[in-house]
Every structure is written in C-alpha cells, then in structure tokens.
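S.K.: I'd like to ask you about the structure that follows.
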Amino acid sequence: MRNSWKLFAVAALLSAAAACNSSRYTTAGFRLPADGSAERGKHAFVELGCAGCHKVTGVELPAPTVTPDVPVLLGGMVDKRWSDGYLVASMVYPSAQLAPYPKESISSAGNSRMPSYEDRMSVRQVVDVVAFLQANTTVRPPMPTYAYH
C-alpha cells in the first residue's frame with residue numbers, strides 16, 4: 001500500500017505529459033522567433049531557388065523551371081494552416097512527408113525530388129521563408145451547417 005501512492009503519482013505525471021503532447025515529435029512546443037519578415041522570406045525563397053519548383057498563390061515569382069513540369073503549389077486558400085514546425089521540417093527533410101501530388105511526379109525512388117536545405121539555409125532564412133509562406137496562406141472559412149427537418 002505504501003508504494004501505491006508512488007505508482008499513482010507516476011501514472012498521473014505520465015498522463016499529464018501525454019495530455020500536454022509536447023514531445024519532440026509534435027509541434028506543440030515548436031516556436032520560431034516572431035521577427036520573421038515575409039519580404040525577406042520572398043527574397044530568400046527566390047535566392048535559394050525555391051521558385052524553380054514552387055508557386056506561391058497570389059505572389060509574383062519567377063516561373064518554375066522544374067522538369068517534368070509539376071510545380072508544387074504553396075499558400076493560397078487552405079482548409080487548415082500548416083504549422084511552422086511542419087514547414088521547417090519540410091525544408092530540412094522533404095522526404096518525411098510528400099506533398100499530395102502524384103508520387104511519381106514529385107519523388108524518385110521513394111524520396112522527394114526536393115533537396116534538403118538543412119545545410120543550405122541560415123536560421124534567419126528559415127524564419128523568414130516560413131513568415132513568407134504563412135503570410136500568403138489563408139484559412140478557408142468553414143462551410144455553414146444547416147439543420148434539415
């Protein structure tokens with residue numbers, strides 16, 4: 001009986017930790033500095049060659065040059081905003097989750113055709129590119145629900 005309170009305390013701590021859902025595998029604790037600049041991010045996006053494969057809805061960029069011609073569309077009207085963590089992970093490990101395009105068009109041997117930018121971008125560029133992408137994304141208003149009788 002004496003150890004049962006310890007077991008209860010450990011179980012309570014584990015439950016609380018699970019409820020917080022803030023492990024390194026979630027986006028719950030991921031934060032970027034708030035000083036990201038969409039303008040600098042657009043410049044970095046072009047400078048790093050991202051516009052060679054990506055279009056950003058509503059933004060004037062150089063035309064994609066990728067072959068085969070499957071420019072991956074970013075931004076615009078979406079059902080759910082991507083987290084900053086997802087965008088950063090997509091830049092440093094693009095094969096982790098492929099975009100919803102025909103896999104044969106955007107991958108080779110199961111890996112993304114997009115190169116990893118883990119050693120090609122400064123932290124400032126990452127923060128600014130994420131700010132640029134977030135600034136050009138709008139969450140679609142939910143469809144109204146009607147009760148029919």
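S.K.: Touching a strand residue (DSSP E or B) at 6+ places or on another chain (Cβ under 6 Å), buried (at least 17 other Cβ atoms within 10 Å of the Cβ) and of a type in the set (Gly, Ala, Ser): which single residue out of GLY36, GLY75, GLY41 fits that description? Spell out the reasoning first.
M.R.: Details: GLY36 fails: touching a strand residue (DSSP E or B) at 6+ places or on another chain (Cβ under 6 Å); GLY41 fails: touching a strand residue (DSSP E or B) at 6+ places or on another chain (Cβ under 6 Å).
Exactly one residue qualifies, and that residue is GLY75.
S.K.: Moving on. Consider VAL59 against the criteria (1) over 15 Å from the mean Cα position of the chain (by Cα); (2) among the β-branched types (Val, Ile, Thr); (3) farther than 24 Å from VAL139 by Cβ; (4) surrounded by 14 or more Cβ atoms within 10 Å (Cβ to Cβ): it satisfies all of them except one. Which criterion is unmet?
M.R.: Tallying (1) over 15 Å from the mean Cα position of the chain (by Cα); (2) among the β-branched types (Val, Ile, Thr); (3) farther than 24 Å from VAL139 by Cβ; (4) surrounded by 14 or more Cβ atoms within 10 Å (Cβ to Cβ), VAL59 fails exactly one: (3).
S.K.: Confirm whether ASP119 is touching a residue at least 60 places away in the same chain (Cβ under 8 Å) and within 22 Å of PRO33 (Cα to Cα). Break it down into steps so the answer makes sense when it comes.
M.R.: Details: touching a residue at least 60 places away in the same chain (Cβ under 8 Å): no; within 22 Å of PRO33 (Cα to Cα): yes.
Considered against the rule, which asks whether it is touching a residue at least 60 places away in the same chain (Cβ under 8 Å) and within 22 Å of PRO33 (Cα to Cα), ASP119 comes out as no.
Quick note: the coordinates plus some simple rules give every number you see, no bench work behind them. Computed from a predicted structure; not experimentally measured. Because the Cβ atoms are built from the backbone with ideal geometry, glycine has one as well, and the counts that use them run over all protein chains shown.
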